[in-house]
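Note sheet for the following structure.
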Amino acid sequence: MPHNIQGAQAPGIPEAATLRGKLTTRMWWTASRNTAIYALMAFGVPPLGAAANRAGMSWIFIIGGPMILVGIFGLVATLRTLAGAVLLTRICRKTLALYAFDTFCPQITKVDGAQATRGRPKIMTLRLHTEEDHEWPVMRINPLPRRGPWCNPWPEGIEKGVYIAGDEPFGAVGYVPSSRTFFLMQPNDWEGAAHERKSAAPDRVTRAQHAGLTRRII
């Protein structure tokens, strides 16, 4: 059952062209930071632990062992998700080059994954409510960049309202102005929205094709 309906007032309209660069910078910074931290834990701790052990601090491996394991698993996980992050960033950049943030949704209804506080649910979906009382269908979302497994996976401040750049049956980029975070979204019932995509005007279809939103991505 949908729940967690909340609302907010719309702040100044953001410029999609300006935010394209910020999205790319944030994605690469997050990927680089995580890779460096986990690599340091995986490959930097062993020689330091060996040196400490030679100095008589044999207890150091009690601390260093778990750190090495976290570093290895974290590095593998980061590298595995890197290709997907690059693809999603590319789609978002294309979308923001073709669509403006012309819709503000002061209310959202979190559906699947609404209660997630730790870990990451397999599916995160929401329903958007615009200022004109239009209700979007249930949309599947993927935050960019994804938050760590120890954090709430939902974009911070999403309940305070989001701006949307895109086309409802194809997909869109959401921007949370309160935390300056992004997410990509597409209809959760992709097949159910097929008729609306097929009946869309040619210019809408062409624009969605150029943005890479005519196929299911998430």
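The values are calculated or read from the model by the stated rules, or taken from the named source; none is laboratory data. These figures come from a predicted structure and were not determined experimentally. All Cβ positions, glycine included, derive from the backbone under ideal geometry; neighbour counts span all protein chains shown. When the accessible area is computed, the model is the full protein with side chains, heavy atoms only, and any ligands, DNA or RNA have been set aside. Shrake-Rupley method; radii C 1.70, N 1.55, O 1.52, S 1.80 Å.
Looking at segment 128-144, is at least one residue more than 22 Å from Ala31 (Cβ to Cβ), free of Cβ contacts under 8 Å to residues at least 24 places away in the same chain and assigned to a strand (DSSP E or B)? Yes, there is a match, as at least one residue in segment 128-144 is more than 22 Å from Ala31 (Cβ to Cβ), free of Cβ contacts under 8 Å to residues at least 24 places away in the same chain and assigned to a strand (DSSP E or B).
State yes or no: is Trp190 open to solvent by 10 Å² or more (accessible area, probe 1.4 Å), in contact with a Cys (Cβ under 8 Å, 6 or more places away or on another chain) and not β-branched (Val, Ile, Thr)? No; evaluated as a whole, the condition is false for this residue.
Applying the condition of being within 18 Å of the chain's Cα centre (by Cα) and part of a helix (DSSP H, G or I) to segment 89-106 and asking which residue is surrounded by the most Cβ atoms within 10 Å (Cβ to Cβ) yields Cys92. Phe170 falls short on exactly one of the conditions (1) at pLDDT 90 or above; (2) closer than 16 Å to Arg26 by Cβ; (3) of a type in the set (A, V, I, L, M, F, W, C), and that condition is (2).
Answer with yes or no whether Leu213 is part of a strand (DSSP E or B), of a type in the set (A, V, I, L, M), closer than 22 Å to Thr81 by Cα and touching a residue at least 60 places away in the same chain (Cβ under 8 Å). Against the criterion (part of a strand (DSSP E or B), of a type in the set (A, V, I, L, M), closer than 22 Å to Thr81 by Cα and touching a residue at least 60 places away in the same chain (Cβ under 8 Å)), Leu213 does not qualify.
Listed conditions (1) open to solvent by 50 Å² or more (accessible area, probe 1.4 Å); (2) touching a residue at least 12 places away in the same chain (Cβ under 8 Å); (3) among the basic types (Lys, Arg) are all met by Arg147, apart from (2). Pairing each residue of segment 44-69 that is surrounded by 12 or more Cβ atoms within 10 Å (Cβ to Cβ) with any residue that is modelled with pLDDT under 85 and of a type in the set (Ser, Thr, Tyr), provided the two are 6+ apart or on different chains, yields C-beta distances under 9 Å for Ala52/Ser58. Restricting attention to segment 76-88 and to residues that are of a type in the set (A, V, I, L, M, F, W, C) and within 16 Å of Pro145 (Cα to Cα), the residue that is surrounded by the fewest Cβ atoms within 10 Å (Cβ to Cβ) turns out to be Ala83.
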